[in-house]
Amino acid sequence: MTITPTRLSGCYILDPKVIQDARGYFMESFNEKTFREATGEAVHFVQDNQSFSSRGVLRGLHYQTGEHAQAKLVRVLQGEVLDIAVDIRPESETYGQYVAELLSAENQKQLFIPRGFAHGFLVLSETATFFYKCDNFYNKESEGGIIYNDPSLAIDWKLEASELLISEKDQFLPTLDKARKIW
């Protein structure tokens, strides 16, 4: 597995070694020891989540606050998404900046998103099955969010606004400057 840092501290792209033959493929999608040795980050996942969405579905930008903050390891089991991680750590040199990564069943890439980041994704294929591991349990009272089209973030979502399918809840999230603080 190749683990590559992004331009945002603590955020990594994981590119697993995929072994293919006539029967299909095999890959190790995560190894805690390998990850810790490559990044210096100790992470222990406690919850797995999966969603299925159609083209144009945009989920995010979401995060958990305080003691319920979550690190995530995200990947696509079927289809293709544009995955976004936004640094919302107030003390960070890259506060308010984001990374965008194309994740697909074909490329098998994963994105590790540390605590202190907002996360969202947009489905680019006809459908997509999205899977992610969390290092902390979900807590409804600790939900935070940022509107997907916040002008201060200027995220290029790759689709026109008229093509996006966004939940009512996500349509009314605040901008970064008005969002709940992470800590």
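Derivation of every value follows stated rules applied to the coordinates shown; laboratory data play no part. Being a predicted model, the structure only gives us computed values, none of them experimental. A quick note on method: Cβ atoms are made from the backbone with ideal geometry, for glycine too, and the neighbour counts reach across all protein chains shown.
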Tabulate in residue order the Karplus-calculated ³J(HN,Hα) for the stretch 51-68, using 6.51 cos²θ - 1.76 cosθ + 1.60 with θ = phi - 60°, rounded to whole Hz; enter x for Gly and Pro.
9, 10, 9, 9, 3, x, 5, 10, 10, x, 8, 10, 7, 10, 9, x, 5, 9
Can you list residues from other chains, or at least 5 along the same chain, whose modelled amide H is less than 5 Å from the amide H of Leu77?
Thr129, Phe130, Phe131
Among Ser162, Ala105, Tyr132, which residue has its Cα furthest toward the positive end of the charge dipole of the chain, with +1 on Lys/Arg Cβ and -1 on Asp/Glu Cβ?
Tyr132
For the stretch 1-76, what is the Kirkwood estimate of the hydrodynamic radius, computed as the reciprocal of the mean inverse distance between distinct Cα atoms, to one decimal in Å?
15.1 Å
Using the Cα centre as the reference, give the magnitude of the dipole from point charges on the C-beta atoms of the chain (Lys, Arg: +1; Asp, Glu: -1; all else neutral), rounded to the nearest 20 debye.
240 debye
Over the chain, how many pairs of lysines fall under 14 Å by alpha carbon, counting only those 8 or more apart in sequence or from different chains?
4
Restricting the calculation to Cα positions, tell me the Rg (one decimal) and the Dmax (whole number) of the chain in Å.
15.9, 53
Would you list Arg59, Arg23 from fewest to most Cβ contacts within 10 Å?
Arg23, Arg59
